[in-house]
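Since the structure comes first, as structure tokens, the remarks are kept for the end.
A short reminder: the numbers here are calculations on the coordinates, not readings from a lab. Since the structure is predicted, the reported quantities are computational estimates derived from the model, not experimental observations. As a convention, Cβ positions derive from the backbone with ideal geometry for all residues, glycine included, and neighbour counts pool all protein chains shown.
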Amino acid sequence: MRLDVITIFPDYLRALDLSLIGRAAGEGLIDLRVHDLRDWARDRHRTVDDTPLGGGAGMVMKPDVWGEALDEVLALPADAAAARESAAGRGRRVLVVPTPAGRVFTQRTAEDLARADHLVFACGRYEGIDARVAEHYRAAGIEVAELSIGDYVLSGGEAAALVMIEAIARLRPGVLGNPDSVVEESHGASGLLEQEVYTRPVAWRGLDVSRAWPALLSGDHARVARQRRNRAIARTIARRPDMIERLRPDTLDAADRAALARGGWAVPDGAAGPVELVVRPAVGADLADLVDLAARTFPDACPSFLTAEQIARHVAAHLTPGRFARWLADPRAVVTVAALGRDAETRAGRVGASELIGYSAVLVERNDDDGAPPVGLDPRPEGVTVPPAPDGGAGLAAELSKVYVDARLRGSGAAAALLAGAVRDAAARGVTALWLGTDGANRRAQRAYRRAGFVGAGSRTYDVGGRTCRDIVMVLNPQEAAGEY
Ligand code: 6GU
């Protein structure tokens, strides 16, 4: 690859003699030449700029001086038609003009320009280069890229050219010592920022990697890879939500979706990318929406042998406004709802009649002053044992009753987000055994609960509209699970 830089400060580019790029040039991997624009000036003072037409502040770089310089460096005949001829069959050549008014230079741009054979950087100073320069070379068939390195203003294109050349050159074969370093880095193909990195000592100034990230030292490569990707997702959510929005659904597996969901992003069926998810405690104003959502989602969780009538009877008896109203008023019932974010709603389309797309309810097994348990709490199945609290005190059981998500949001991660929220809430309330019963034939639900850390704890029977169903019982200790999130 040949690189030419034209500037009025050739010394500025001396930084390229150092480090990787210098070595690559030394080894002949890239052929880098820096030219002084003033060599093409015609007058005694070697003038390269003039006042702007129409008046105003600053100076503009003269097109005639740039024209002479670029003709020579691009080795072009001055005549446009001849230029087009010679441009063909010579490999790809790009004239790069760094300017804060350009398109933003990204890793994609670097990858693209790294495939060119010849790059010529025209570094402007002052208010910029007369606009006819870019116009002329474009008309002559030269590929011209006016590029900015970010939304701030530098006093000249030199620093920007340094940045672009470093980003481009390190992608050329042989320039980097370890080509793997470009595979998994920020702004790479994954669309995620790179996760935090650590080295020895494992414990430093009270910060212990083995405690914060036990998987890293486990030697289990799959586990390490999974945790790294989860941290890359969490970091990107925190720092670059704009990148999260651009993730493509076909690049996201179930574990990715769960990690996204824990950070408040879901991937609805048919959506172009993740959408923001709001997971919050249910409030009185949600009552009507909750009842509607419950009636809509309950049939999805039922075994296929149940009739519509049996299901309807169950909904009418149990998923009533009265039931939800009592839960909302009872501190032992933790009802959490999920809704798509305001922007997300317009992008993904509204789901159903209400804004809510999912809910969960945790019912803590504690009697009130009248000695009554929360309404709707099922008897605790035999297989569920209640471990003591971490401080050795009495444990506490709660039923997760349950996580229901609109069918359209299935597999989006919304269920995982609600589940994570339910586990966190249960942990905060001192629950040591969070249990649930779910239809024995519903493998999808069981898989989701297992992924969240639930383990099997026997079975129970469960009545739906007069028909007895067999449920799998699963349990998790929220006190232990909290760290996993
Ligand atoms: Cl490419 N040039 C200048 N002068 N300022 C910039 C820039 C380029 N990119 C961001 N700011």
Grab the other residues whose beta carbon is less than 11 angstrom from that of Cys469, score K and R as +1, D and E as -1, and report the net. 0
Can you give the charge dipole size of region 2-184 about its Cα centre, rounded to the nearest 20 debye, using +1 on the beta carbon of Lys and Arg and -1 on the beta carbon of Asp and Glu? 160 debye
Among Leu328, Gly458, Tyr137, the residue whose Cα sits farthest towards the positive end of the charge dipole of the chain, when +1 is placed on the Cβ of each Lys and Arg and -1 on the Cβ of each Asp and Glu, is Gly458
Using per-residue counts of other Cβ atoms within 10 Å, averaged over each peptide, order 332-341, 17-26 from highest down. 332-341, 17-26
Note: Ala329 to Ser218 extended length (0.36 nm per residue) minus current alpha-carbon separation gives 35.4 nm
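For region 136-181, rounded, prolate or oblate, judged on the Cα gyration tensor with a ≥ b ≥ c (square roots of eigenvalues), a/c < 1.5 rounded, else prolate if a/b > b/c?
It is oblate, given that a/c is not under 1.5 and a/b is not larger than b/c.
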Which helices of the chain meet both criteria: a Cα extent of 20 Å or more along the helical axis and a mean Kyte-Doolittle score no lower than 1.0, with helices taken as whole DSSP H segments? 414-428
Write down the percent of antiparallel bridges among all DSSP beta bridges whose residues are both part of the chain, to the nearest 5. 60 percent
Find out how many positive minus negative residues lie around Gln446, taking Lys and Arg as positive, Asp and Glu as negative, among other residues whose Cβ is under 11 Å from that of Gln446. +3
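With +1 assigned to the C-beta of every Lys and Arg and -1 to the C-beta of every Asp and Glu, and no other charges, what is the dipole magnitude of the chain about the Cα centre in debye, to the nearest 20?
1200 debye
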Using a basic spin-label model with each label point 7 Å from the Cα along Cα→Cβ, how many nm lie between Asp253 and Arg138? 4.5 nm
For region 262-484, size of Cβ-based charge dipole, Lys and Arg +1, Asp and Glu -1, in debye: 600 debye
When the charge dipole of the chain is computed with +1 at the Cβ of Lys and Arg and -1 at the Cβ of Asp and Glu, the Cα pointing farthest to the positive end, of Thr47, Pro249, Thr106, is that of Pro249
Ranked highest first by average number of other Cβ atoms within 10 Å, how do 426-432, 397-403 line up? 397-403, 426-432
Let me check I've understood the local charge: for Asp369, count other residues with C-beta under 13 angstrom from its C-beta, Lys and Arg +1, Asp and Glu -1. What total comes out? -1
Would you compute, from DSSP H runs of 4+ residues alone, the mean residue ellipticity of the chain at 222 nm, taking -39500 (n - 2.57) per run and dividing by the full residue count, rounded to the nearest 500? -9000 deg cm²/dmol
Using the 10 angstrom Cβ neighbour count as an exposure proxy, how do Asp471, Asp269 rank, fewest first? Asp269, Asp471
Take the alpha carbon atoms of region 224-265, find their center, do the same for region 88-150, and report the distance between the two centers in whole angstrom. 34 Å
For the chain, count the residues as N, evaluate 2.2 N^0.38 Å, and divide the Cα radius of gyration by that value, please. 1.37
Anisotropy class of region 141-258 from Cα gyration tensor, a/c 1.5 cut: prolate
